[in-house]
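Engineer: Starting off with a structure, shown below.
The values are calculated or read from the model by the stated rules, or taken from the named source; none is laboratory data. Since the model is a prediction, treat every value here as computed from it, not as a measurement. So basically every Cβ, Gly included, is an ideal-geometry build from the backbone, and we count neighbours across all protein chains shown. SASA here: full protein model, heavy atoms, side chains in, ligands and nucleic acids out. Shrake-Rupley method; radii C 1.70, N 1.55, O 1.52, S 1.80 Å.
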Amino acid sequence: MSPINKSDKIFVAGHRGLVGSAIYRQLQQKGYTNIVTRSRSELDLSNQANVDAFFDEIRPDCVILAAAKVGGILANDTYPADFISDNIAIQTNVIRAAHSYNTKRLIFLGSSCIYPKLAEQPLREDCLLTGPLEPTNEWYAVAKIAGIKMCQAYKKQHGHDFFSLMPTNLYGPNDNFDLKTSHVLPALIRKFHEAKSSHGAEDAPVTLWGSGTPKREFLYVDDMADATVFAMEQPSDKIFDVAPDGILNIGVGEDIAISELAELIKSVLNSKSEIVYDTSKPDGTPRKLMDVTRINKLGWNAKISLEEGIQRSHQWFCENYLSTT
Ligand SMILES: NC(=O)c1ccc[n+]([C@@H]2O[C@H](COP(=O)([O-])OP(=O)(O)OC[C@H]3O[C@@H](n4cnc5c(N)ncnc54)[C@H](OP(=O)(O)O)[C@@H]3O)[C@@H](O)[C@H]2O)c1
């Protein structure tokens, strides 16, 4: 029996973001009738008093915490203080309020960067805190680890049904296509699209950061939303049977070299651009592949292929991003 009913109040924090908007769509499609959302201007989650007042008024039955300050290597490197303090403030306020106002279930979204830089691949949930982090985003990673530990602590001290999902790299509708702050996949879709020439001229070259050798795993965001709602509907004992530490990786279980990803995006967009590598830029972690044994054991698997996901993301980019910028 799912602990969350179709008429329960489900607060999706960060519902306008890449992940939050996909979860909102998924909950609607699955017939949940009482989805609660607030934009940042309506409710700044870094403000504790406002968060408490919101919980006191609404008393949500379930919280999906998809609000956070998120960004690529450049953004993490430029704004480390914001990444650690904003994320710790947001998650502390929401998790504490969920305790104070007896929320039935809370799902905290972390990220694969919580795992040690040189941990054995694929990354198992129990390798957490067994080695040094990737320096380029350690502030964000430490904040996320604090969130995971808070969920564990509130379960241990108060028996709360709070647990964490660790998605791999996500992409899809509502992604960030700003070349200064985006992740690699949306950046490449935009670069190849903008390099395409008109009137028969040569497509311009596309420059990639680094050597192209790092391997990454990519999950289409609607698959992530499907996994989140699937986990939300699982009885607590099933969740903590496969994940005694309350951590579940969400991924595809296979990765791809950045150079291969660039070739795939080039072919999906039917581009003729030459690919150039700027090796003066950092590569980041050499490999980051999630071990998805636990979530597969619970009965969930990714469904949307990388090629299909890139096609859908490019279509969304053309119909939404380009038409609004
Ligand atoms: N993107 C990925 O590849 C990825 C991978 C793994 C894990 N995750 C995790 O997934 C979660 C969501 O990430 P995302 O990619 O969906 O990020 P996103 O697109 O940037 O969405 C984040 C959302 O949080 C909201 N937000 C940020 N600070 C807030 C505040 N102080 N008060 C209220 N709302 C606030 C933002 O509001 P505005 O719309 O007003 O800015 C935005 O809607 C994060 O926890 C992240 O760690 C993401």
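Engineer: For the chain, what is the mean residue ellipticity at 222 nm derived from helices alone (per DSSP H run of n ≥ 4: -39500 (n - 2.57); sum divided by total residues; nearest 500 deg cm²/dmol)?
Structural biologist: On the way: 11 runs with 130 residues, N = 325.
Theoretical 222 nm ellipticity from helices: -12500 deg cm²/dmol.
Engineer: Accessible surface of Glu260 in the full protein assembly, 1.4 angstrom probe, to the nearest 10 Å²?
Structural biologist: Glu260 exposes around 100 Å² with every protein chain in place.
Engineer: OK, next. Just to be sure I understand: with springs between alpha-carbon atoms less than 10 Å apart, which residue in Asn169, Asn50, Asn87 has the highest mean-square fluctuation in the Gaussian network model of the chain?
Structural biologist: Asn50
Engineer: Give the whole-number value, in cubic angstrom per residue, of the convex hull volume spanned by the C-alpha atoms of segment 207-249.
Structural biologist: Working: hull volume 4.3 nm³, N = 43.
Taking only Cα atoms, segment 207-249 has a hull volume of 101 Å³ per residue.
Engineer: P(r) for segment 87-170, please, calculated from all Cα pair distances in 5 Å bins and given in %.
Structural biologist: The percentages, shortest bin first, are 3, 15, 26, 23, 16, 11, 5, 1.
Engineer: If each Cα of segment 27-117 is one equal point scatterer, what is log10 of I(q)/I(0) from the Debye formula at q = 0.15, 0.22 Å⁻¹?
Structural biologist: -0.66, -1.17
Engineer: Here's another thing I want to ask about it. Taking Cα atoms of the chain, Rg/Rh with Kirkwood Rh, to two decimals?
Structural biologist: Result for the chain is an Rg/Rh of 0.97.
Engineer: What is the local net charge at Ser100, summed over the other residues whose Cβ is closer than 9 Å to its Cβ (Lys, Arg +1; Asp, Glu -1)? Mind showing how you got there, number by number?
Structural biologist: Values: positive: Arg96; negative: Asp52, Asp56.
It works out to a net charge of -1.
Engineer: Sticking with this structure for a sec: From the protein chains alone at 1.4 Å, what is the descending order of accessible area for Thr168, Thr136, largest first?
Structural biologist: Thr136, Thr168
Engineer: Mind checking the per residue accessible area of the chain for me, 1.4 Å probe, whole number of Å²? Mind dumping the intermediate values first?
Structural biologist: Numbers: 14330 Å² over 325 residues.
Heavy-atom SASA per residue in the chain reads 44 Å².
Engineer: I'd like the antiparallel share, as a percent to the nearest 5, of DSSP beta bridges with both residues in the chain.
Structural biologist: So the antiparallel bridges in the chain amount to around 5 percent.
Engineer: For the chain, set up a GNM with springs between Cα atoms under 10 Å and report which of Ala302, Ala243, Ala53 has the largest fluctuation.
Structural biologist: Of Ala302, Ala243, Ala53, the Gaussian network model singles out Ala53 as fluctuating most.
Engineer: Here's a follow-up. Using a 1.4 Å probe on the protein heavy atoms only, what accessible surface does Ile84 show? Give it in Å² to the nearest 10.
Structural biologist: 50
Engineer: Against the globular-protein guess of 2.2 N^0.38 Å, express the Cα radius of gyration of segment 200-325 as a ratio, rounded to two decimals. Working shown, then result.
Structural biologist: Details: Rg = 18.1 Å, N = 126, 2.2 N^0.38 = 13.8 Å.
Expressed relative to 2.2 N^0.38 Å, the Cα Rg reads 1.31.
Engineer: Just to confirm the number: angle between the C-alpha axis of helix 184-195 and the first principal axis of the chain, 0 to 90 degrees, nearest 10?
Structural biologist: That works out to roughly 40 degrees.
Engineer: How big is the accessible area of Lys272 in square angstrom, nearest 10, if you roll a 1.4 angstrom probe over the protein chains?
Structural biologist: Number for this one is 140 Å².
Engineer: Helix 80-100 sits at what angle to the longest principal axis of the chain, using alpha carbons and giving 0 to 90 degrees rounded to 10?
Structural biologist: Helix 80-100 and the main axis of the chain meet at about 30 degrees.
Engineer: In whole percent, how big is the carbon plus sulfur part of the accessible area of segment 211-325, probe 1.4 Å, protein atoms only?
Structural biologist: Summing carbon and sulfur atoms, their accessible area is 48 percent of the total for segment 211-325.
Engineer: Please report the net charge: other residues with Cβ closer than 10 Å to the Cβ of Gly71, K and R +1, D and E -1. Please report the intermediate quantities before stating the final value.
Structural biologist: Details: positive: Lys69, Lys180; negative: Asp77, Asp82, Asp178.
Net charge around Gly71: -1.
Engineer: Still on this structure, I have one more. I'd like the carbon and sulfur percentage of the solvent accessible area for segment 1-144, probe radius 1.4 Å, heavy atoms only, ligands and nucleic acids excluded.
Structural biologist: Details: 3120 of 6460 Å².
In segment 1-144, the share of accessible area belonging to carbon and sulfur is 48 percent.
Engineer: Who wins for biggest fluctuation among Lys281, Lys144, Lys155 in a Gaussian network model of the chain, springs between alpha carbons below 10 Å?
Structural biologist: Among Lys281, Lys144, Lys155, the largest GNM mean-square fluctuation belongs to Lys281.
Engineer: If one puts a single equal scatterer on every Cα of segment 146-230 and applies the Debye formula without solvent, what log₁₀ I(q)/I(0) results at q = 0.17, 0.23 Å⁻¹?
Structural biologist: Rounded to two decimals, the profile gives -0.89, -1.13.
Engineer: Return the sequence-ordered ³J(HN,Hα) values of segment 222-230 in whole Hz as given by the Karplus equation 6.51 cos²θ - 1.76 cosθ + 1.60 applied to θ = phi - 60°, using x for Gly and Pro.
Structural biologist: Calculated HN-Hα couplings, in order: 5, 5, 4, 5, 4, 5, 5, 5, 4 Hz.
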